[in-house]
Amino acid sequence: MPEIAAAAVARRGLDPRSKILLVLLVSLAVMSPGGLLFVPAGVVLAIALALSERAWSRIVVIPVAAVVMYLLGWVLPLLWTNPVVTVVAIGCGYLIRFVAAFGVGAHLIATTSPTQLSAALHAWRLPRAISVTLAVMLRFFPVVAAESAAVLDAMRLRGLAGATGLARHPILSMERFTVPMIAASLRASEDLSASAILRGLGSRHVPVSLDPPRFGWPDLMLVLALATVAAASLLLPNPLTTVIA
Amino acid sequence: MIEISKVSWRYPHADKPALRNLDLRIAPGQFVVLCGASGSGKSSALRLMNGLVPQFHDDGQLTGTVTVEGMVTTDVELDALGLVTGTVLQHPRRQFFTDNAREETAFAMENFGFPREQIQAGVDANIADLAERVPVEQRLQHLSGGQQQQVAIAAATAHDPRILLLDEPSSNLSADAVRRLAATLSDLKARGVTIVVAEHRLRFLRDLIDRVVVMRDGAIEIEWTAEQFRAVPDDALAREGLRGEIRSPELAILATAGASALNPSPAAEVLDAALELVGIRCRLGGRTVLDLERAAFAAGEVTAIRGVNGAGKSTLARIITGLQRSAGTVRLDGRVLSRRARQRASAIVMQDVQRQLFTDSVQAEIDLARTDEPAAPDTAVVLETLDLAQLAERHPLALSGGQQQRLVVATVRVSGRRIVIFDEPSSGVDRRHLQSIADQIRQIAADGAVVLLISHDDDLLALAADRQLTLAPIARGQSASRGTAVGLTRPFEETA
């Protein structure tokens, strides 16, 4: 039962409030002007978090994406100068920041249940409208992901998902994907919201959590790790901000 | 106490009312079944009792009054009604808000602000009770349909409401799971909970029922007391489109070799047939989910694919249709087909057919699917036999669920695909529609296709299947897998 063990490990991991703060902090750091300085640290953090929850696909995807962005954005322009490469390089210079931000965000989404998220937001005394909205969004991600995958499967079987079709009729292809995806997601979400409202989600009662969030040693480790990578970012040479001679 | 007096209700944008002049009074502790064919209004009547009608549908038209535990349902907030009622919707997996049984049973009590000690005690009691029938530490999406149902009932009743409402709880359940459901409902009835069930299948509730209300076209047609109902013969139920005894299909077992088969045969005993699988092995998320040494499916036949959740039914469908990588080969008419070729040769009728309607009219949908394949039947004939000809200009999303399903079947038939897989096509359909779905499945097989039918519905299998292949989950280390290909991990396809 690997997934159960993994889930149990994740649940004993960081406090959801730490994860939310971490996502905000990393996003702010890497998206700000001069944020490239912190991108390697963000990527390392994202990989470490993926390792902690044994999310194998992310352990592979994050470093690969970062390396590809680096090659396209920094190395390729040195080897081959032309306008297309320049445009791609500028794009990758921005996208590499998203790799770090999304990597950390993915950990939050993968390891936080809607219940834990609302408990965390409640502990911060955030208004109900915000906490309920965010909890519903968190619950809705997997619904959309599952529906999208199913619609893509259906398109493949009808021969509608090919690259040639997309290139020849991009708008039509998008429409054929989005309309069923939204229709199916809406239908799935109807039961979900009906059931959640009837079971008091967003009601006037002050919610009580069975497991109130508590900071623990993993959160302390996170603070230490953050301090370390922040220091490293400032002190060590950074391949993204040093010009390759 | 539930009192419905002179209620009529029309859904927004509907051309006729779903409920007409409904009068119903349900005393505390009663067990009432609302039944009737699809579209008779039984689910709408149920939704009156928790306030979803009218509060969940803006712009619907309601006349008359509904009183539940002394509250007029239009005057109070939905959660006030939720506090005194528990609701289990038709698809339990769609209504879970968390991913494990513990959080799910705590959910309502947490939201209603119960004291923490009471939540803890309630969750402990529920989990202890569930643990006898459900692996409570598993993720909810990985449980079988019957287990999900048990969790949904526990989650709906943990805050101790006096009324429990269930919408078609037995759809998608195997005969075993239906028996467990009846036992759970019997316990709740013994605790004095008022229970209202909207259902097509009735016999399994025989010993619990206090009253049966048969609906037709939004109004009450017949009311039976418990004694009267027991005396009603099965053909009288059939006239109302109701399902009687669950038929246990007696299907010949398809000889299949491999660790995934519940009753494996030696590979040599698997006869040649149109669609052959050899050495199919698939690992997902570090676990072998499917291992079939050899299996063969004949053209013109319908093979039922059965087995508990996690046994690999969806994975098998995805491998055959070329949507999932695996080790091994798939041959059609003796030719090895690549994944791409399988995608071109096969079709799936999904459980949620909205996912596979891509255009803006019925005619366009058919045109998109049509091929020049000589084997494909004539479009006009297909539309006519599936009762879609007069709907040609309609938008597919504006059709009813049954019409959408028939439209997808029509696209499958005109595209002349050789391999056709039905994934739980009968969830929540009444007796009449069940027969029509079975006919469509038979017709596709008669066109010469290899048809696989994934279903838990014993009634449907009895009508539509020729043979069965029952899959079983592979225990760790049981499979002799080697050199397996690993595809991208997908969330478990939704099967009940």
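Among beta bridges identified by DSSP and lying wholly in chain B, the antiparallel ones come to about 50 percent. Database remark: amide H of B:Gly86 closer than 5 angstrom to the amide H of B:Ile163, B:Leu164, B:Leu165 (H placed geometrically; neighbours at sequence offset of 5 or more, or on other chains; Pro and chain starts carry no H).
Annotation: for a label point projected 7 angstrom from Cα along Cα→Cβ of B:Val76, residues of the range A:185-202 with backbone N closer than 18 Å are A:195-202. Take every DSSP beta bridge whose two residues both sit in the protein assembly as shown; close to 50 percent of them are antiparallel.
Rg and Dmax over the alpha-carbon atoms of the range B:108-266 stand at 19.2, 60 Å.
With the convex hull of the Cα atoms taken as the outline of chain A, the averaged projected area works out to 17.3 nm².
I need the shape label for the range B:1-99. Rule: rounded when a/c is under 1.5, else prolate if a/b > b/c, else oblate, with a, b, c from the alpha carbon gyration tensor. Here the range B:1-99 falls in the rounded category. When the charge dipole of the protein assembly as shown is built from unit charges on Cβ atoms (+1 for Lys and Arg, -1 for Asp and Glu) and taken about the Cα centre, the candidate among A:Ala50, B:Cys35, B:Ala259 whose Cα reaches farthest toward its positive end is A:Ala50. Only DSSP H runs of four or more residues enter the estimate; each adds -39500 (n - 2.57), and after division by the residues of chain A the mean residue ellipticity at 222 nm equals -25000 deg cm²/dmol. Here the Debye sum runs over all C-alpha atoms of the protein assembly as shown as equal scatterers in vacuum, and log10 of I(q)/I(0) at q = 0.07, 0.09 Å⁻¹ comes out as -0.55, -0.92.
Taking Cα centre as origin and charging only the Cβ of basic (Lys, Arg, +1) and acidic (Asp, Glu, -1) residues, the dipole magnitude of the range B:1-59 rounds to 160 debye. Estimated from helices alone, the mean residue ellipticity of chain B at 222 nm is -9000 deg cm²/dmol (sum of -39500 (n - 2.57) over DSSP H runs with n ≥ 4, per residue). When only the Cβ of Lys, Arg, Asp and Glu is charged (+1, +1, -1, -1), the dipole of chain B relative to its Cα centre reaches about 1400 debye. Size estimate for the range B:107-191 follows the Kirkwood approach: the inverse of mean 1/r over distinct Cα pairs works out to 13.6 Å. Taking the Cα centre of the protein assembly as shown as origin and assigning +1 to Lys and Arg Cβ atoms and -1 to Asp and Glu Cβ atoms, the resulting dipole is close to 1960 debye.
Given the range B:202-261 reduced to its alpha-carbon atoms as identical point scatterers, what log10 I(q)/I(0) does the Debye formula return at q = 0.13, 0.16 Å⁻¹? Debye intensities relative to I(0), on a log10 scale: -0.49, -0.60.
Within the range B:252-470, DSSP assigns beta bridges of which about 45% are antiparallel (rounded to the nearest 5). Say the dipole of the protein assembly as shown comes from +1 at the beta carbon of Lys and Arg and -1 at that of Asp and Glu; which of A:Gly13, B:Leu332, B:Ala177 then lies farthest toward its positive end? The one lying farthest along the dipole's positive direction is A:Gly13. Distance distribution note for the range B:381-442: the fraction of Cα pairs above 20 angstrom is 24%.
Which of the lysines could a cross-linker span from B:Lys189 if the Cα-Cα distance has to be under 18 Å and same-chain partners fewer than 8 positions apart are dropped? Those lysines meeting the cut-off do not exist here. Peptide packing: for B:12-20, B:152-160, the average count of neighbouring Cβ atoms within 10 Å per residue gives the ranking B:152-160, B:12-20, highest mean first.
Please check chain A for the longest run free of trypsin sites (Lys or Arg not before Pro) that are loop-located per DSSP (anything but H, G, I, E, B) and have at most 11 other Cβ atoms within 10 Å. Segment A:13-124 is the longest. Based on the Stokes-Einstein relation at 20 °C and a viscosity of 1.002 mPa s, and on the Kirkwood radius from alpha carbon pairs, the range B:27-176 is assigned a translational diffusion coefficient of 130 µm²/s.
For the range B:252-470, how big is the tail of P(r) above 25 Å, as a whole percent of Cα pairs? Result for the distance tail: 37 percent.
One decimal place: the segment A:Ile182-A:Met221 gains 9.9 nm when fully extended, by the rule 0.36 nm per residue minus the C-alpha distance. Which residue fluctuates most in the GNM of chain A (Cα springs below 10 Å): A:Leu198, A:Leu138, A:Leu28? Sorting by GNM fluctuation, first place goes to A:Leu198.
Can you bin the range B:179-332 into rounded, prolate or oblate? Criterion: square roots of the alpha carbon gyration tensor eigenvalues sorted a ≥ b ≥ c, rounded for a/c under 1.5, prolate for a/b above b/c, oblate for the rest. Prolate. Computing FRET efficiency as 1/(1 + (r/R0)^6) for B:Gln61 and B:Arg239, where r is the C-beta to C-beta distance and R0 is 30 Å, gives about 0.45.
Along its three principal directions, the equivalent ellipsoid of chain B from the Cα gyration tensor extends over semi-axes of 40, 28, 20 Å, largest first.
Every number here is computed from the coordinates shown, using simple stated rules; none is lab data. Quantities reported herein were computed from a predicted structural model and do not represent experimental measurements. FYI the Cβ positions are ideal-geometry reconstructions off the backbone, even for glycines, and counts take in every protein chain you see.
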